[in-house]
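The values are calculated or read from the model by the stated rules, or taken from the named source; none is laboratory data. The shown structure was predicted, so the numbers you read here are calculated from the model rather than taken from an experiment. For neighbour counting, all protein chains shown are included, and Cβ atoms are generated from backbone atoms with ideal geometry for every residue, glycine included. The protein model used for the area step is the full one, side chains on, heavy atoms only, and it has no ligands, DNA or RNA in it. Shrake-Rupley method; radii C 1.70, N 1.55, O 1.52, S 1.80 Å.
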Amino acid sequence: MRQQPQFMDHILCLLTSSVSESLLRPLLRYVDRAPVGTTFGDVLQPANPKYRVGEVVEVTFVGANPKNSAENRTHQTFLTVEKYEATSATWQIMHNDASWETRFYWHKGLLGHSNATIQWHIPDTAQPGTYRIRYFGHNRKQNSPKPAVILSFESTPSTFDVVTTW
């Protein structure tokens, strides 16, 4: 006789948890939030002013869940490494997130806060000059009861120089 109530308790528990999960699922969808006083793409850790070939440039930004970018293809990459060409006064893309020399790390925090760290392992073939790292992303914003909106952002922090010798 005791096994039947236990069985019923398990069934009731499963029904309750699946109903709760289906009701809570829309509420549990990730929403991105920038810390107070910041916006998405703000630089938290800038690049140093100068690097040598073989060193690693690292920049950390106020980030957003990269999954948002997969759902909205405004940008085709999370990052670019660009070199300034003085003769044409333009920035030329040298690397992106598909390059072996670059790394993109997403650090999920609490309450929708997150950071994105971009690294560029400067190859031996890099030419001396002025460079910058750009970050592209999308943040999910939701003001209940309205549906979520995905907004694009980009960040272009300060430049740095790559030199062959000090």
| said: Condition first: of a type in the set (A, V, I, L, M), out of contact with any Lys or Arg (no Cβ under 8 Å at 6 or more places or on another chain) and buried (at least 17 other Cβ atoms within 10 Å of the Cβ). Now tell me which residues in region 87-127 satisfy that. | reply: Ala116, Ala126
| request: Could you grab me the full set of residues in region 147-166 that are at pLDDT below 95 and not in a strand (DSSP E or B)? | output: Pro147, Ala148, Thr156, Pro157, Ser158, Thr164, Thr165, Trp166
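What number of residues within region 152-165 are more than 13 Å from the chain's Cα centre (by Cα) and surrounded by fewer than 18 Cβ atoms within 10 Å (Cβ to Cβ)?
Within region 152-165, the first condition is being more than 13 Å from the chain's Cα centre (by Cα), and the residues that meet it are 156-165.
Imposing the further condition that a residue be surrounded by fewer than 18 Cβ atoms within 10 Å (Cβ to Cβ) reduces the set to 156, 158-159, 161, 163-165.
So the answer is 7.
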| field | Index of the failed condition, Thr38 passing every other in (1) touching a residue at least 40 places away in the same chain (Cβ under 8 Å); (2) over 13 Å from the mean Cα position of the chain (by Cα); (3) open to solvent by less than 50 Å² (accessible area, probe 1.4 Å) | value | (1)
| message | For the list (1) farther than 19 Å from Gly41 by Cβ; (2) part of a loop (DSSP other than H, G, I, E, B), I need the number of the one condition that Lys83 fails. | response | (2)
| Any hit, region 46-67, residues being under 25 Å from Asp124 (Cβ atoms), buried (at least 17 other Cβ atoms within 10 Å of the Cβ), among the small types (Gly, Ala, Ser) and in contact (Cβ under 8 Å) with a residue 40 or more places away in the chain | yes
| Of all residues in region 137-166, how many are out of contact with any Lys or Arg (no Cβ under 7 Å at 6 or more places or on another chain), closer than 15 Å to Asp32 by Cα and in contact (Cβ under 8 Å) with a residue 60 or more places away in the chain? | 8
| task | Could you please let me know if Ser144 is among the polar types (S, T, N, Q), assigned to a loop (DSSP other than H, G, I, E, B) and in contact with a helix residue (DSSP H, G or I) (Cβ under 9 Å, 6 or more places away or on another chain)? | result | yes
